[in-house]
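*Asks:* Would you mind keeping the following structure in view while I ask a few things?
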Amino acid sequence: MDNIGKTAALITLANEEERSQLISTARSFNYQVCTGKVGTMDPGKIISAMMTAAKRENIWDGVSFRQEHALYDAMKEALSGICRGQIALHEIYLSVGLSFTIVCGQMPTHKSEGKWVAVCLYGTIGAPIKGFEHEAIGLGINHI
């Protein structure tokens, strides 16, 4: 759990039972963690779902510009990975069904570097027709 990005990815990819254990372990390292799901053709709704979850779990206090900016950039980076570089869904007739994890805290091996935030997205992307999608993953990491 000394790598914040790996922690976010493992939690996102885990099944329900494993996820609970991984979250518990991450919290024992003083990481803040939140998870959620979102499905849409609108990139703005993906960002909104993650920001709402982060605020609900006090990863973002809703006031601090530095926290919001770092979180937003990590989210855009993860979403860019899902969309293969260009954050576009509706415009090119794509839909996503994603699970996400946000992890925030100091890395145990690099405490002098301050807090970091990692966002991992995993799920499917494709035409909005069942069976016309494929897996995708994105990871974004930023310093607060």
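*Asks:* Based only on the alpha carbon positions, what is the Kirkwood hydrodynamic radius of segment 4-143, in angstrom?
*Replies:* 15.1 Å
*Asks:* Right, another one. Of the candidates Val103, Val63, Val38, which one comes out as most mobile in a Gaussian network treatment of the chain with C-alpha springs shorter than 10 Å?
*Replies:* So, out of Val103, Val63, Val38, the one fluctuating most is Val63.
*Asks:* On to the next question. If the cut-off is 20 Å between C-alpha atoms, which lysines fall inside it for Lys76, apart from same-chain ones fewer than 8 positions away?
*Replies:* In chain and number order, the partners are Lys6, Lys37, Lys45, Lys55, Lys115.
*Asks:* While we're here: What ³J(HN,Hα) values, in whole Hz, does the Karplus curve 6.51 cos²θ - 1.76 cosθ + 1.60 give for segment 43-58 when θ = phi - 60°, with x put for Gly and Pro?
*Replies:* With the stated coefficients, segment 43-58 comes to x, x, 6, 5, 4, 4, 4, 6, 4, 5, 5, 5, 5, 4, 9, 6 Hz.
*Asks:* How are the C-alpha pair distances of segment 1-78 spread across 5 Å bins, as whole percents from the shortest bin up?
*Replies:* Taking all Cα pairs of segment 1-78, the binned fractions are 3, 14, 23, 26, 22, 10, 3, 0 percent.
*Asks:* How much of the calculated P(r) for segment 36-105 lies past 19 Å, in percent of all Cα pairs?
*Replies:* The share of Cα pairs beyond 19 Å in segment 36-105 comes to 30 percent.
*Asks:* Per residue of segment 130-143, what does 6.51 cos²θ - 1.76 cosθ + 1.60 with θ = phi - 60° give for ³J(HN,Hα)? Whole Hz please, x for Gly and Pro, Karplus curve as stated.
*Replies:* Per residue, the Karplus-derived 3J(HN,Hα) values read 3, x, 10, 10, 9, 6, 8, 9, x, 9, x, 9, 8, 7 Hz.
Every read-out reported here was derived from the displayed coordinates using simple, explicitly stated rules and does not represent laboratory data. Bear in mind the structure is a predicted one, so any value in this text is a computation, not a measurement.
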